[in-house]
Structure formats: structure tokens, C-alpha cells
Protein chains: 2
Amino acid sequence: MNTDELAELGQQLRVDSVRASAEAGSGHPTSSMSAADLLAVLLANHMRYDFERPEHPANDRFVLSKGHASPLLYAAYKAVGAIEDGELVTFRKLGSRLEGHPTPRRLPWVETATGSLGQGLPVGVGIALAGKRLDRTDYRVWVLCGDSELAEGSVWEAAEHAGHENLDNLVAVVDVNRLGQRGPTRHGHDLDAYARRFQAFDWHTIEIDGHDVDAIDRAYGEALSTTGQPTVILARTLKGKGVAAVEDREGLHGKPLPEAEEAIAELGGPRSLHVRVAEPHAAAALRSLTTEVVQLPRFEQGDEAATRDAFGKALAALGTARGDIVALDGEVGDSTRTEEFGKAHPDRFFECYIAEQQLVATAVGMATRGWVPYASTFAAFLTRAHDFVRMASISGSGINLVGSHAGVAIGQDGPSQMGLEDLAMFRSVYGSTVLYPCDANQTARLVAAMAGLDGIRYLRTSRGKTPVIYGPDEEFPVGGSKTLRSSEEDRLTVVAAGVTVPEALAAADRLAADGIRVRVIDLYSVKPVDAETLHRAAEETGCLLTVEDHHPEGGLGDAVAEVFGDGRPVPRLVRLAVRTMPGSAAPDEQLYAAGIDALGIAAAARMLVEEAVVR
Amino acid sequence: MNTDELAELGQQLRVDSVRASAEAGSGHPTSSMSAADLLAVLLANHMRYDFERPEHPANDRFVLSKGHASPLLYAAYKAVGAIEDGELVTFRKLGSRLEGHPTPRRLPWVETATGSLGQGLPVGVGIALAGKRLDRTDYRVWVLCGDSELAEGSVWEAAEHAGHENLDNLVAVVDVNRLGQRGPTRHGHDLDAYARRFQAFDWHTIEIDGHDVDAIDRAYGEALSTTGQPTVILARTLKGKGVAAVEDREGLHGKPLPEAEEAIAELGGPRSLHVRVAEPHAAAALRSLTTEVVQLPRFEQGDEAATRDAFGKALAALGTARGDIVALDGEVGDSTRTEEFGKAHPDRFFECYIAEQQLVATAVGMATRGWVPYASTFAAFLTRAHDFVRMASISGSGINLVGSHAGVAIGQDGPSQMGLEDLAMFRSVYGSTVLYPCDANQTARLVAAMAGLDGIRYLRTSRGKTPVIYGPDEEFPVGGSKTLRSSEEDRLTVVAAGVTVPEALAAADRLAADGIRVRVIDLYSVKPVDAETLHRAAEETGCLLTVEDHHPEGGLGDAVAEVFGDGRPVPRLVRLAVRTMPGSAAPDEQLYAAGIDALGIAAAARMLVEEAVVR
């Protein structure tokens, strides 16, 4: 398109943004209007994308990091013919695909859910990294950012990662409209302030007037011809551009225009330009990835092994069998054992350094391209990426997260490293799977099984060695459990997982020696949970004693209680969990102090039996 | 101290780091050895601190951001006479104050718990900001960082904040030893790479050899005389410095030295130098802060008001009554209503922009200086700061966090903005308090009450208006509840909080019209929870139906279930919660779709009664 056509298209996107928001009675038209010219020129003259084949492997990828500018995105979908005008005005209404913030669950052209600021660029880095090092296809990743969101540290994790990885297939476009939600941003229209920051992180920077379509056009051309480093286009724009009543004014964030009809007239009225987006470059050869039966590591029953060790070995084996598996490390791969994968498959191993938000975002980005990522760090430090996990679940992203060094069982390092909230965090994520194996063979099986699940899958591993109690051919369906001790005389049921399983078994043996029989269930699948087995245990033993190396809230105890949250009779429920703030001590001292070792379990069970609380 | 003495002191700190780790059989001596000279020169020649009076208002503040270098810190405590040599060798043992990573719960000279990397500098920024704008005392904040942790985005949130606020009372010292846990860092010994980044964020930078005590001495002097901007000293060091077997070698992170005796000999053997740390400058005049009876806003029963509005008004009123209250905003103060405080008390209002980690870290930093911070953003976005909240709880920090726009009740903005995991997140934090008011008067009371609590206090507010159901003089003790409907014929108890309280009341009235009486409890204190009232309701009605605008895991349903986690008989428990992924829709449509509105509650209650599940 030429200058006049581009300007017209920009106005059309503004008009449609205003219209959609006016119909909805809410939304962010002013944040859309500032970026309209940027998106118009991108679509008309630079992006390569087949809207009828969003899965096309050579399509460019577009991420609207400033997700609140959804009216602009939907106006663009209309301009390219992906949606009809009639759908545009369903914006933000019940049942519409056009949500307040875009999500790939509903729209095939959306790569990742946005709306929590500072996440689009990190995910874009993940996609660009996939393009460079996995897909090896020359698609380009375009990320449209707001200026306010550059205050998020995650943006600078992404900037560091992209600069270091020389991602010249990545272009960030920053709509510097100088106004945040509440008022002016830190740097206002000082484009140089942003440029200095990006340059320091080894980016190529271009500063332009974001309403000069020729300048925008040239900037995109320059970005496309820049090699060896990512490019950021810093565009000076005006919020509410084109309508005097709202242009560059404070206090109008996230509000429909007060006089929509007049605003549309001022913008020159509705238009019906159609944009023909360029075809993607010829598709790369289809990936031919290994898919063999996985040869999982096998551990001898009676030996001891750490579940983190089993995870590392199993992941490496899975990577051998399946060419679509990738591993991401948060600079602790020697501890999580992800380094086993790195040694076996260096081309599919990605070091994300100590930047857990970027770690998860890289996984999300790679998953959009069909890769199956396993991202690992200490369980405690995955809390750093909670918001990214939350948004990934909104995206419907299929990623595997593995948290090692869970619980007080780590011992001397103390509470900062312990991960006593991770089960609560991952259970509360929509559609998640939460697995917590107790032995090496179980771990290996679950590592392989999780690859095939939907949504966020979390595996919790342990630092220290635990006895191998299962044979290598035992199966562990997700949603299942293992009943390890059972008799008709069971007075209660101990429900354990991970490091508390061997403790529960030892407690059961001690109690049995005293004539007290208790059932022991290994609830390795914390979500979904084996309701049937728990119901049966409740009926047969009347009391469930949960034992977890986790704070009492939201973890194993809650998982068990929730099974009885449907009105049926509830058994007696007793929770053993970590209720104090641990310090440094040996692992066995820690378990003892928390009352979740064999002694603590046996004492609790004995008290319940002796006080005739249970039958 | 002169050059030779400083070098000797550095060696002493190394020897004691090696000794402590050797005794413990774990720990991070090599990470301590790289920074030993940096700390030696700081203590001997530049820091002003009275170790006998850690609460002295004019004391400098020191934060060990690389918390794993705790052996070095404890060696320094010994050198200044704060601890004995006998205590030094209790490092990492059961009951010792000298934990694997330092915490202020146990040691009075520690400002904030570290061990999750990238948190020390953000908290240091909070302390420095308090020094400049609240305490108005010329103490200096020294933060010793590792180089690996500069990959954390939170460090760049802090850098941006400090540069923008011209915090020339803040000095970051980076121990650039080039080796992370797993291997080399991104930038190795390229000090310029770090300098460019900090300069871009408007810091003064100094690059030195971190083992040249004279250079270190000059750098501290230069930092002390730098005005108008924070200073970072980038020090080139060697991990394991001074012991050939480990110096600058990979694979030795977090491990005691293999041959401790030989290493100590190589370092010149034990020494017993005593460092006399300079006295703090004369204390500033004691703060004379307003403390009056708070005149909370009063709302008329029968009116409607949003709890976020009540929060804003109450916080402003609290700020009028108490001069120690400060408010921090994540650039959404117009939505959270924190801006009410900003208008009334601009000198105690801090804009943290869209940087939730820095938002919480600023609160933690200010709390170390005795201020009572309220930090607010959308409930959803507090997940961004989960790890900071976790670490704050390890510190024992007393901070107030307020999350607005909770739940599907926000309506059209969609799931990215909803906050459906926040109750689970905050409940799982050790020692936390979780409050969720349903009306404006209740909110106002709880806003005032939370200021006086210990630990992490979380208040959840709502976007839309709800009926004012309580009078302005009603009291709401933390740990209490309100029984809003009760009779001897109650067939079950509906337990609600926040937006589901008016829905529960409407459901109860509908059911009563059909002759079905149900009890209604407003469980505004989600943690601690009113166990007594719930036990009584269980005994008297036999069934508790929890209704929450939150995912089913870890929230209100769990809070109620946990009350029965001690072996006593458990009532029937039924959970209504948000079990699907919401899209955009009006607030009432959202509540209906989730089944947590009056219709959904009444239908569930009717089903339970009609199917004779309940008596």
C-alpha cells in the first residue's frame, strides 16, 4: 500500500476500534488508536501470514503484548477478512470470541494470551528462539508492546535473552504513547531513554514518529534487513490519536470514547478497506522428528535413588525417543538434573539462566510452535513465574514444569530454597496436572506420561535419595494412586506422596508391630486425584490422615478434602503438614521437626486410634 | 585499615568461610571467597553501623543479595564481634541462628531474607527510598549482589526504580566472579556489559579488580561522593579466590572445599583480626508521627458501594490518623483506589509503575525501617510477586497487600484480569492473614485492623458495587465471621465471602420463601478462620456449602475443610467455585455461568435438601 492507503487503513482501524468499544460499553479504544498506524503498515506491507492457514509453518507470528488494545487487533482481523463486521461488534459480549484481552483458546490467529503486561515479549522470544534453533524456518516474530509495560522486569529478561541469542528474527514495536493507565509513564515521550536501555542489551534500535506511515514503513524495512541482533522500533505516538477530545489526554484509559458518533465522523467515518497480507515464504520441509518407543531408565527395587536423578535420566531418554521434546534450564540444571538432557541433546537444550519468568515464557513460546518443552528449576523458584503460569493456562498452553528440591526434606539450605507452596500454586491453576512421585521408577513413568497431557503439567521432585519401591514395569496412570498397605482391619488410611511415602510405610510397619493396621495410599497424582480409591478408603477405614511436605493450605490435604466436596458423607480428615517456619537442619531432622516423618505419622495414627476418634 | 590489614581481613573472612562450611559439610565457600575483599573493605573503612544497636535509626543498611554467601556474612559478624567463633561453626546446624541463607527472624543485623536471587537489590531500593523520602536520614544502603542474579528481571525493575528516583544513598556491589551454579554466566568477566546496562538505567558505574583492596577502597569513596544517582561497583573477582584447587573452577558451586585443612593453610591459616566498624552518624531527630484515632469512612446500610472504593477511602483516613502508613501503587491506583491516599498524603505515596516485584520489594524494604506499607494492584497481578511474598514471609516482614478486581465478578475484561488463584496463593504463605470483605463498612474496618497484624496480610477487594449490609459501627475481628441468617430449622449452612455474600443472602431468602431455611455465614476472615462458628454450624446443620469467586483449589472451600482437619466428625461439604475458563461477559452473566450466584446457590441447596443428602 502507498502512503495514502496506509493512512486510510490506520483510520479504518481507529474507527473500528472506537465502534467495537462503543458497542461493548467498555474496552480500550484510546490505547488502540495510538498503535493503529503501526499495525496498518505491518499488515499491509511487511507481515507474511496466511489467515486461512494459521498453522502454516512459515507464517510470521504476531503477539499483541499490550493485550488491552484488543479492539485494534480485532479491527485488523476484519481488515484482513478473517472476521466479519458483524462479529466485530460482539466484542466483550457473552459467548463472543472477541474477548477483552485476546486468547488463543478462542481465536486461531492469537499466539498467546495477553492482558498481563510484560509477557508478550518474553513469549515472543520463545517463539523466535524456536524459529532459529528448532524450526529453522525464517518466519519473523513481531511483538507490539506498550510503553508502560517496559517497567516490568520480565521485559528486560526477554531483552537480555534475545540480545544474547542474536534473535534477528524478532522485532519489538513499542507504542510509546506516554500515558499509562493512571497517568504519564516514567519516561514519557523520551524515546532515547528506551533506546539506551535496549542498546545496552544489544538490540538494534530505531526511533520514529509512530503516526508517519512512511517512517513506519522504512523502520520495518530496516528491521527486516538487520542481522545478528533483534530490533526494537520505538514509535512516538499519541493515545487516542485522531480524535481531539481524547488525544494525548489523561484519565481516559480503558474507557469507550464519550461521543463515539462524533469521533467516528472526525476520523472520516467508516471505511471498508481490505488488506491483502503477503503469503508466507514457501513452507520449510516438514519436520521429520524421531518418534520411537521411549526406553526409560530402570531402577532396581530396594536400591535408593533421588527422584530428581530419575527425572534427568528419563527426560534424556524421552528426548532420544521423541524429537519434539526440548528442555529448558534456569541455570540449576546440575541440581534439577536437566543437564542430563543437555548432554544427550544439546541442540534441544536451552539455558535460560536465572530468569524464571523467561524460562516459562520460552516454554510457552516454543509450545505455540508444536514443541513439547520441559522447563525446570527449584520448586521454590517457580513461584517467580506464577503469573506466567497463570497466563499460560489461559492460553491453553501445553507445557511441562518440573520443580526440584521441594519441601523441608532438602535440609540445610533453609526455607528460601524449600518450595512449600508449589502444590497450592499449581493446583489452583485452571486445568493443571500436578504429579509428585516418591520413587525413581514412578518418576520415570510420569515424566514420559506428562508429555501427552493437555495444559499445565507440574512434576515435583526431591533432592535426597528415596527407596525404589516400585518395579520398572509398574504403570502409573495420571489420576491414579497406589495402595501400598491394605487389610480388612485397617483403622485409618495414611495418604502420602513423594518423600512422605516411605515415611508412611515405615509408620505403618511400626504400627502393625503394635497390632494397629493402617492403609497407606501413595497419591502420586495430586491433580487429578483418584477419587474412587479415596472414597473406598473412606468407606472402609473412616479416617484419612494426609501427610505432606508442604504448608497445610492448598496441597495434598486439600486435594483429598476436595474429593468429598460434593455432599457425600465425609470421613474423618487429619492433616499433617509443615506448620512452622523451618530453619537449617539435616533432612531427617527437618521431617521430624515438621511431624511428617514415620515417628510423627505413627504418633498421630496412634493418638487417633487410642482416643477412639477412629473405630 | 591500611592495605595490608585489609588484605589480611579478606583472608580471615575466607578462612572462616571455609571453616564454617567444612564444619557444616555444606554451604557456599567459593561464592564467599570471591566477595571477601569487597566485604572486608566495606566493614573496615566505609560502613557505619552499631552492631550493638541494629535498630539505630542512622545505621547504614547492608543486604546480602547473594544470600548463599552466608559463610562470608557470618565470618564478618565474627570479625566485628557480633558473634563468637564458637557460634560460627554451628553454621547450618539444627537450632543455629546461622542458617544456610540469612534471615532477620533469627539475626538482628539481617535486613531481609535472601536466598532467592534477584531480591536483595529490589528490597535495598525500598530501604533507600525510605531513607530519602520517609526517614530523611542519611544512612547508606549497601547491597552485595552476585553476577548470575543480574539475569533476573527484578534486578532491572530495581535499577529502573533507583535510577529514576535518584537514589544516591544506594550502592550496589556486584561480585562478578563469572561462574554461576551450573557454569559460566552470560557475560563472564565482561564488566563493560554490565556497566552499559546500569548506565542505561541512569546509574553511576565503577569497574574494579575486586581483589585489589585499594581499588575497592577508592571505589567506595567514589560511591559515597556520588550525588544524584545510585552507584554500582562492578568488581572482577574469582570464585574460590585464594585456594588454587578451587579458584575460578567450574563445578564447585555450593560445595565445601575438598581439602579444608590444606585450603586454610594456603590462605595463611586462621586469624583473629577484629574490625571496628564506624559509628553511625548522629541519629536524626526521632520521628514524630501522627497517631490519632482513625476516622474511618461510614457507609449507609442499604446503599451500594464497591469494596475497592471503601478501601481507598479507609486507607486515606488511616493515613491521616497514622503518620507511619505509606501506600504503594502498581500504576493502577485509579482502579485500586490507592490514589485516594495519594491525593491526601502525596509525601507517603509511592508510584512503583507496572513492576509488581518492585512493588512488593519496596514494601518489604520500607517495613524494615518501621513503616507500615499498603501495596496494591489487581489481585491477578500479585501472582507476579509470589516469590517476593514468599521471601517476605520468611523475613517475618509485616506488609499489607491489597488485590482488587478479584474474580469473575469483574466481568468483561476476561480471565487475564480476574484473580482466581489469589486466595490459594496467600493462604499457602506461612503466617499470613487473608481477608475478603463483602461490604464497604466491613472493608473499612479490616483495612484499619490489618495494620496492626504480624506477617503478610492480604485484603481482596472487588470491582463492582455491592450492598452495604453492615452498619458503620459493626466490628469485624480478624479470625471472626458473621452469621447473617440463622434459625433452628436450618437444613444447611452457606459459607460465603466477598461478592458471594449478597448472592448467598438472596439465595437464602428465595429458599426461605419455599420453606427451606439455610444458615448464611460471611467468612470475611479466610485465614485465620473462625473455626468455632464453623464447628457449631456443622453440628447444627450438618452440611456446609462454600461459595467462592475463585478456583476450587486452595480458597474458601479449603479454608473451611481445613477446620475439620483434626480428626473430629466432618459435616457434609459442598464446594461451589469457578470451575471453567471464563471469557468476557457482564458480571452477572459471569457469576451465573460459574454457578456462584443466588440461582446457583439456591439450586445447589435445593438439590441437597431434595435428594435428602442433608437432613
Practice item. Return yes or no: is B:GLU266 open to solvent by 10 Å² or more (accessible area, probe 1.4 Å) and over 30 Å from B:ALA448 (Cβ atoms)? Key: yes
Exercise for review: Could you grab me the full set of residues in segment A:198-235 that are assigned to a helix (DSSP H, G or I) and in contact with a strand residue (DSSP E or B) (Cβ under 9 Å, 6 or more places away or on another chain)?
Suggested key: A:PHE198, A:GLN199, A:ALA215, A:ILE216, A:ARG218, A:ALA219, A:TYR220, A:GLU222, A:ALA223, A:LEU224
Review point. Among the residues of segment B:316-350 satisfying the criterion of being in a helix (DSSP H, G or I) and within 21 Å of B:GLY407 (Cβ to Cβ), which is most open to solvent (accessible area, probe 1.4 Å)?
Key: B:ASP334
Check your understanding: When you look at A:VAL125, is it within 30 Å of A:ALA327 (Cβ to Cβ) and within 14 Å of chain B (Cβ to nearest Cβ), yes or no?
Key -> yes
**Study point:** Any hit, segment A:531-538, residues being touching a helix residue (DSSP H, G or I) at 6+ places or on another chain (Cβ under 6 Å) and either under 24 Å from A:GLU589 (Cα atoms) or at pLDDT below 95 (or both)
**Key:** no
Review point. Which pairs have Cβ atoms under 7 Å, sit 6 or more apart or on different chains, and link a residue in segment A:287-304 that is surrounded by 10 or more Cβ atoms within 10 Å (Cβ to Cβ) to one that is of a type in the set (Asp, Glu)?
Key: A:LEU289/A:ASP324
Practice item. Go through segment A:151-168 and give me each residue that's more than 9 Å from every other protein chain (Cβ to nearest Cβ), buried (at least 24 other Cβ atoms within 10 Å of the Cβ) and in a loop (DSSP other than H, G, I, E, B). Key: A:LEU167
Point to revise | Residues located in segment A:384-412, provided they are more than 9 Å from chain B (Cβ to nearest Cβ) and either under 9 Å from the mean Cα position of the chain (by Cα) or in a strand (DSSP E or B) (or both) | key: A:ALA392, A:SER395, A:SER397, A:GLY398, A:ILE399, A:ASN400, A:LEU401, A:VAL402, A:GLY403, A:SER404
Revision key, fill the gap. Residue count, segment A:547-579, condition more than 8 Å from chain B (Cβ to nearest Cβ), surrounded by fewer than 23 Cβ atoms within 10 Å (Cβ to Cβ) and not hydrophobic (A, V, I, L, M, F, W, C), comes to 1
Practice item. Can you give me the number of residues within segment B:351-377 that are within 25 Å of A:GLU356 (Cα to Cα), open to solvent by less than 10 Å² (accessible area, probe 1.4 Å) and outside any helix (DSSP H, G or I)? Key: 5
Practice item. Answer yes or no: is there a residue in segment B:105-119 that is more than 26 Å from B:VAL41 (Cβ to Cβ) and polar (S, T, N, Q). Key: yes
Revision key, fill the gap. Across (1) surrounded by fewer than 24 Cβ atoms within 10 Å (Cβ to Cβ); (2) of a type in the set (Lys, Arg); (3) more than 13 Å from chain A (Cβ to nearest Cβ), B:LYS239 clears everything bar (1)
Point to revise | Residues of segment A:130-150 classified as assigned to a helix (DSSP H, G or I) and either more than 10 Å from chain B (Cβ to nearest Cβ) or open to solvent by 10 Å² or more (accessible area, probe 1.4 Å) (or both), total | key: 7
Practice item. State the number of residues belonging to segment A:452-470 that are open to solvent by 10 Å² or more (accessible area, probe 1.4 Å) and either within 11 Å of chain B (Cβ to nearest Cβ) or under 26 Å from A:ASP324 (Cα atoms) (or both). Key: 5
Exercise for review: Considering every residue within segment B:489-509, establish whether at least one is more than 24 Å from B:ARG536 (Cβ to Cβ), open to solvent by less than 40 Å² (accessible area, probe 1.4 Å) and not hydrophobic (A, V, I, L, M, F, W, C).
Suggested key: no
**Study point:** Residue count for segment B:413-432, restricted to those that are more than 7 Å from chain A (Cβ to nearest Cβ), more than 20 Å from B:ALA585 (Cα to Cα) and more than 13 Å from the chain's Cα centre (by Cα)
**Key:** 2
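Can you name the residue in segment A:580-615 that is β-branched (Val, Ile, Thr) and part of a helix (DSSP H, G or I) and is also nearest to the other protein chains (Cβ to nearest Cβ) among such residues? Break it down into steps so the answer makes sense when it comes.
Taking segment A:580-615 as the starting set, the residues that turn out to be β-branched (Val, Ile, Thr) are A:580, A:596, A:601, A:609, A:613-614.
Filter once more, so that each one left must be part of a helix (DSSP H, G or I): A:601, A:609.
Numbers: A:ILE601: 14, A:VAL609: 11 Å.
Restricting to residues being β-branched (Val, Ile, Thr) and part of a helix (DSSP H, G or I), the top hit is A:VAL609.
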Check your understanding: For segment A:175-197, how many residues meet the condition of being crowded, with 21+ Cβ neighbours inside 10 Å and in a strand (DSSP E or B)?
Key -> 3
Review point. Could you say whether any residue in segment A:524-537 is part of a loop (DSSP other than H, G, I, E, B), touching a residue at least 24 places away in the same chain (Cβ under 8 Å), aliphatic (A, V, I, L, M) and surrounded by fewer than 24 Cβ atoms within 10 Å (Cβ to Cβ)?
Key: yes
Practice item. Name every residue in segment B:523-546 that is within 12 Å of chain A (Cβ to nearest Cβ) and not basic (Lys, Arg), in order of residue number. Key: B:VAL526, B:PRO528, B:VAL529, B:ALA538, B:GLY542, B:CYS543, B:LEU544, B:LEU545, B:THR546
Review point. Any chance segment A:478-489 includes a residue that's under 17 Å from A:HIS405 (Cα atoms) and touching a helix residue (DSSP H, G or I) at 6+ places or on another chain (Cβ under 6 Å)?
Key: no
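The values are calculated or read from the model by the stated rules, or taken from the named source; none is laboratory data. Since the structure is predicted, the reported quantities are computational estimates derived from the model, not experimental observations. Counting neighbours? That spans all protein chains shown, and the Cβs are built from the backbone with ideal geometry, glycine included. Accessible surface areas use protein heavy atoms only, side chains included; no ligands, DNA or RNA. Shrake-Rupley method; radii C 1.70, N 1.55, O 1.52, S 1.80 Å.
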